[in-house]
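Encoded as structure tokens, the structure appears first; notes follow it.
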Amino acid sequence: MNIKQHIGFYTDSVLHSYAQIFFSKNRWLAVLVILASFVNWDLGLWGLAAALTTNLLADWLGFDKHTIREGLYGLNSLLVAMGLALAFEVNGQFVLVFFSACLLTLFLSVALLGYLSQLGVPFLSLPFLLAYWIIMLAVRQYDALALDVSSIYAMNDLYRFGGMTLVNLYEYIHSIELPLILDAYFNSLAAILFHGNIVTGMLIAVGILISSRIAFSLSLVGYITGYLFYYFVGADMTQLYYSYIGFNFILSAMAIGGFFFIPTWKTYSLLVILTPVIAMLIAAFSAIFMPYQLPVLSLPFAIIVIMVIYVMNFSTQHKFLKVTKQQYSPEKNLYAYDNYIKRFSNTTYYQIGLPFFGEWTVSQGHEGKHTHKGDWNAAWDFVITDDQDKTYRDGGALVEHFYCYGLPVSAPASGYVVAIVDDVPDNAIGDVDIQNNWGNSIVIKHTEHLYTKISHLKAGSFKVAVGDYVQKGKVVAYLGNSGRSPEPHIHFQVQANPYVGSKTMKYPLAYYMLKDDKGGYEFKTFEYPKEGETIFGIKTTGLMREAFKFIPGQSLTFEVEEDGQRELVEWEVHTNGLNQPYLYCRKTGSYAYYVNDGTLHYFTTFEGDRNSLLYYFYLATYKVLLGYYKQIDIQDKVPLQLADSGIGRYLQDFIAPFMIYRELAYQLNYKHIDNSMRPKEIILETHLDKKSFGRLQDRLTFDLELRENQIDVFRIKLKNKTIVARQLVTSFEEVLEVV
Amino acid sequence: MTKLRYERPVIKALNTGVTNKFGAQQGFIPHTHIDGVAVKDLIAEHGSPLFVISEKTLRDTYRKAKSAFSTRYPNVQFAWSYKTNYMNAVCNVFHQEGSWGEVVSRFEYEKALRNGVPGDKIIFNGPDKTTDDHRVAIANGSPIHIDHLDELYSLIELSDEMDKRPRVAIRINMDTGIQPMWDRFGFNYENGQAWDAINKIMHSKKLDLIGLHCHIGTYMLAAQAYGVAASKMADLALNIKKKFGHSIHYLDLGGGFASKNTLKGAYLSGSDVAPTFADYAEHISTALLNAGFEPDELPLLILETGRAMVDDAGYLLGSVLANKRLSDGRRATILDFGVNLMFTSFWYEHTISPAQECSQYAEDAVLYGPLCMNIDVIRENVKLPPLNKGDQVVVHRVGAYNMTQWMQFIALRPRIVMVDLDSKVHLVRDSEDLDYMMHLERVPEHLKSFEL
């Protein structure tokens, strides 16, 4: 790392240490919390020193850089340091104690993080609590440490910091007559930083509001519930803000309501009913700690949150969804989850296609009436029907009368043939062979624990042998009427084991077209064809496949024309450690992660500059079916946090856990193709519609012209101007270097 | 009670059983309705004779053919052969079902364009293409199927002149084991002409060779022959790939599938011996799938089947003009339509049914048309119940070629109607009248008047 990177690293780690107190990584929040801490000069200074010292120590001792940058080590130290700075006068001995405190807290943090992460729970403020109590118990022996009373008088510090103006401002704010509940709320927030004034609390509250509306509303809900509970049981109201315990309700609410779980009305309800439990924990722990003259601080919060997270692991219903990819924002977590569920809830890593050519009808789906039951329920039977929904001609007395009899059956995905049964004669129509239930069958292994089986084939018709590798779409055999098959049909199932008799595994079919009654069709992704549905496979178009084929190592250069100005924009194609490909724009530091599986190109996420060409490209090609289908529209939803902003979005944030009424609807239309066999030019048009309560508010339109096996022209039609990007010839130099 | 119909008595040999060596008995069952519309109502409304096309049969047949091929091969496209029946209503039914167009003259080409078929979906076949025809087809991006070397040279010249790359295929003729072997169209596979043409195209670098085309014959009763043709075509395509690294986009196996009509002199009736679409599809797709193409490089299979697609959907209704006895004692019935409207009666023994109630007692008869020409014979020998003057008959399976090869000879051509899926009758071509015929005629001034 060079100097600049070092500075960046420590700035990040210190800022995150502050923001993490409130489960965030927002820089505004961090700055406001730091400012708030400096209302008491000593506390602010020693807190900052602790954050920096701990992060330096952690780096020197060689702990995980990523964790340091996240601020997870600094967070507890700075709280300990503030607690100590409040209690003792600053002198040489204090500096020694301070340093030991940082080291102890760091070790406790590393140890607890290591241990608790195995249980899948966070360490929260446990290192802080342990270190603080240990030091408070220990230093009673050290006479040289003098108790400090000066810090009670905040105005001395303010004067030192900002002269009379600041003191007057402080006085003015304090003179505002706030309702008791708000006053107590701000004081409780301030108490997290060992402060006892509402200015600190206000600064923190503003920081939370900027960082997250949901977190802010949760802090209020948590606090007010606690307040009302105390009022209801007739407990001592004042202790709420004089003895550092009110924040337990605030922090617990933020953690349970929206940080560790996806915020929904259920998490809000949960935190409301947990309030009495927190109150009891406070009371109980106070009683235990009283003889040792130790404050309870945030112990109840740590206990309840860790307990809830751990306990919910044992819930068999997924009412409270743990956040798996933490984005340090309840909004982002919620929108990303909501979007993920809508887009990818069925998506599987491995794609299974259809085992036939042309249009077939599902005669028995999953959980079917006839034979798809019990362990074998997740199977499909396919037949061919005519306009009268008949499966045969000429009376149907012979197998040959059935439309599907003798048709080729193809591999639904590539893989190795692991089992073949090829000696069962065809049944007469209406007859079933229960002895050889599956009849002539083939099992293909696609990957570990993923097999498909096709049954009721014709004896002697196999084109492949056990051990052969078959490509998707290759004919493996022809359909017969063997086994438990009263009339010819394909039995198709996905299974986890390599045997002909294995039970089924519920696994969606990756992509297919569903025919509707009016002769049109609908594009289906990762779904389960239902009984009675007529489906057929997807054909992709060479030009579209090539245009969206980005090879890691390749760079794409566009000449962008905007307002008469021309500039060059370059994207690099990379993959990350999980082999996920992304486009990277070095100039703007933007990333767009995409998936291209040969049938569909789609983006999963974007990070970076929202005025960059890459961002528009992310929106414009959010989901592209790589086959030209004039009659259909491709639709999808872009998650709110990636393209929505402004006041409307802020208002939406507040009620997002209960209702999401804003949406960003993506749509792709196939506009033009120069010839359908091997096209040389294709034009696509895509839209991004901002809708509120289903009403269109704003529309972005994009044009993509594909030529010469690449995206030739990319046009962004904004309200007042059009940006035109033309791709220059693709460079493969870097690809060759990598090879 | 209505008066019972009179039918004069006949004497004939007893004929027992359902089928004898002459095939199934036919012609006894009256055919009173077409898709729910009464024949007598049709004739009352539109006159006699009258062509009737069943939209339902058109669509059913297309879907059967499509299903037969697309369930066996992943990449199938039909192209409607205009010459078989280019009534716009018929063409558009097929276009609605997804068919492209296949034309063999500028007239048909313009007709397809006017029907709204995009240029790149009109296959331009046949030996009759002028330089101007080529120019239009190149401008529209239509696939041009080259029939002879002169056409090939002409296209190379045009590509320079127009600075465009024509999209071409070459027509191949080959020995598929059937007689007669069609070798008058295209380039021969066995003697190397085909490779000669391919080399010329590839080395010219002026033309895009996108396809290969063959059309091995017509009314083909041997589906195996298509398997042989498909293998040879695939062999060419794979070797072009090997030699030039160029992949062929499509293989056009042409048409020629037999309809259920019975050929003259055939021992068994057409419905008993004609292969089904499934039979043809089986041979073609098996040959292509086993030829050795990579699954994602399988060429598009284009089929131009006309006759088998449209024959069943066409009916000709007519009326009895008179009965008479020939010198040898055979019975003769004169109908109001003849070879002028039924060109196919030169090839087929068309099934003809009475359109009203009749007994099952049939008598041998000769069916004559109304033309005052000796050749005007509809059936030389048919078993039909005795018909009276004014009785109506239905001729089956006349959808292919009759509405394009009919003659305005002696009589004017009648109406064509189409019965839609809801049994509604639509006029799709009006009958000709004197004005229509005179419209194109010019009489020199000195011949305009005469006195008798």
- Task: Give the angle, between 0 and 90 degrees and rounded to the nearest 10, that separates the Cα long axis of helix A:27-37 from the longest principal axis of the Cα atoms of chain A.
- Result: 20 degrees
- Treating the beta-carbon of each Lys and Arg as +1 and of each Asp and Glu as -1, no other charges, what is the dipole magnitude of the protein assembly as shown about its Cα centre, to the nearest 20 debye? 1060 debye
- Item | the stretch A:1-169 - percent relative contact order, Cα under 8 Å, separation 6 or more | 23 percent
- Given a Förster radius of 22 Å and the C-beta distance between residue B:268 and residue A:394 as r, what FRET efficiency does 1/(1 + (r/R0)^6) yield to the nearest 0.05? 0.80
- Per-residue mean of C-beta atoms belonging to partner chains within 10 Å, peptide A:403-410: 4
- Query: Any idea what angle helix A:299-311 forms with the longest principal axis of chain A, computed on alpha-carbon atoms, 0 to 90 degrees, nearest 10?
  - Reply: 10 degrees
- Message: For chain A, what does the helix formula give at 222 nm: sum of -39500 (n - 2.57) over DSSP H segments with n ≥ 4, over the residue count, nearest 500 deg cm²/dmol?
- Response: -12000 deg cm²/dmol
- Item | Residue-averaged beta-carbon neighbours from other chains (10 angstrom radius) around B:63-74 | 5
- Message: Using the crude model of +1 on Lys and Arg Cβ and -1 on Asp and Glu Cβ, and no other charge, please compute the dipole size for the stretch A:477-607 relative to its Cα centre, in debye to 20.
- Response: 760 debye
- Item | Test item: B:120-133 mean partner chain Cβ contacts at 10 Å | 1
- Say the cut-off is 32 Å between C-alpha atoms; which of A:463/B:264; A:390/A:458; B:64/B:111; A:463/B:206 go over it? A:463/B:264; A:463/B:206
- Message: Give me the extension gain from residue A:579 to residue A:277: residue separation times 0.36 nm, minus the current Cα-Cα distance, reported in nm with one decimal.
- Response: 104.2 nm
- Task: Quick one: grab the alpha carbon gyration tensor of the stretch A:542-738, order the square roots of its eigenvalues as a ≥ b ≥ c, and give me rounded if a/c is under 1.5, else prolate or oblate depending on whether a/b is larger than b/c.
- Result: prolate
- Task: Towards the positive end of the charge dipole of the protein assembly as shown, with charges on Cβ (+1 Lys, Arg; -1 Asp, Glu), say which of B:36, A:60, A:446 has the farthest Cα.
- Result: B:36
- Task: Taking 7 Å along the Cα-to-C-beta vector as the label spot, tell me the residue A:718-residue B:452 distance in nanometres, rounded to one decimal.
- Result: 8.7 nm
- Task: For residue B:239, put the label point 7 Å out on the Cα→Cβ axis and report which residues of the stretch B:182-208 keep their amide N under 19 Å from it.
- Result: B:183, B:186-204
- Query: Over chain B, what is the relative contact order in whole percent, taking alpha-carbon pairs under 8 Å and six or more residues apart?
  - Reply: 20 percent
- Query: Quick one: how many lysine pairs in the stretch A:542-738 have C-alpha atoms under 15 angstrom apart, if they're 8 or more apart or on different chains?
  - Reply: 8
- Determine the alpha carbon to alpha carbon distance for each of A:373/A:472; B:260/B:383; A:369/A:503; A:445/A:506; A:474/B:242 and list only those over 26 Å. A:373/A:472
- Query: Taking Cα atoms, how many degrees apart are the long axis of helix A:265-289 and the longest axis of chain A, rounded to 10 and kept between 0 and 90?
  - Reply: 40 degrees
- What is the antiparallel percent of DSSP beta bridges lying wholly in the protein assembly as shown, to the nearest 5? 80 percent
- Task: For residue A:506, put the label point 7 Å out on the Cα→Cβ axis and report which residues of the stretch A:347-376 keep their amide N under 17 Å from it.
- Result: A:347-349, A:365-369, A:372-376
- Task: Give the residue from A:136, A:73, A:391 lying farthest towards the positive end of the charge dipole for chain A; charges sit on Cβ (+1 for Lys and Arg, -1 for Asp and Glu) and the dipole is referred to the Cα centre.
- Result: A:391
- Task: State, to one decimal in nm, how far the label point of residue B:412 lies from the label point of residue A:611, with both points 7 Å from Cα in the Cβ direction.
- Result: 7.7 nm
- Helical contribution to [θ] at 222 nm, DSSP H n ≥ 4, -39,500 (n - 2.57), averaged over chain B, rounded to 500: -8500 deg cm²/dmol
- Task: Answer with one residue from A:661, A:542, A:591: the one whose Cα lies farthest towards the positive end of the charge dipole of the stretch A:542-738, charges on Cβ with Lys, Arg +1 and Asp, Glu -1.
- Result: A:661
- Item | Cα-centre dipole for chain B with unit charges at Cβ (Lys and Arg positive, Asp and Glu negative), debye to 20 | 940 debye
- Note on the structure: Restricting to lysines and to Cα separations under 21 Å from residue A:319, and discarding same-chain partners fewer than 8 apart, the set is A:266, A:332, A:342
- Note on the structure: Relative contact order as a percentage, chain A, C-alpha pairs under 8 Å and 6+ apart, gives 8 percent
- Item | Label-point separation in nm, residue A:630 to residue B:110, each point 7 Å along Cα→Cβ | 2.4 nm
- Task: Using a 10 Å cut-off on Cβ atoms, rank the peptides A:708-719, A:431-442 from the highest mean neighbour count down.
- Result: A:431-442, A:708-719
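Computed from the coordinates by the stated procedures, all read-outs in this text should not be read as laboratory data. These figures come from a predicted structure and were not determined experimentally. Please note: Cβ atoms are built from the backbone with ideal geometry, for glycine as well, and neighbour counts cover all protein chains shown.
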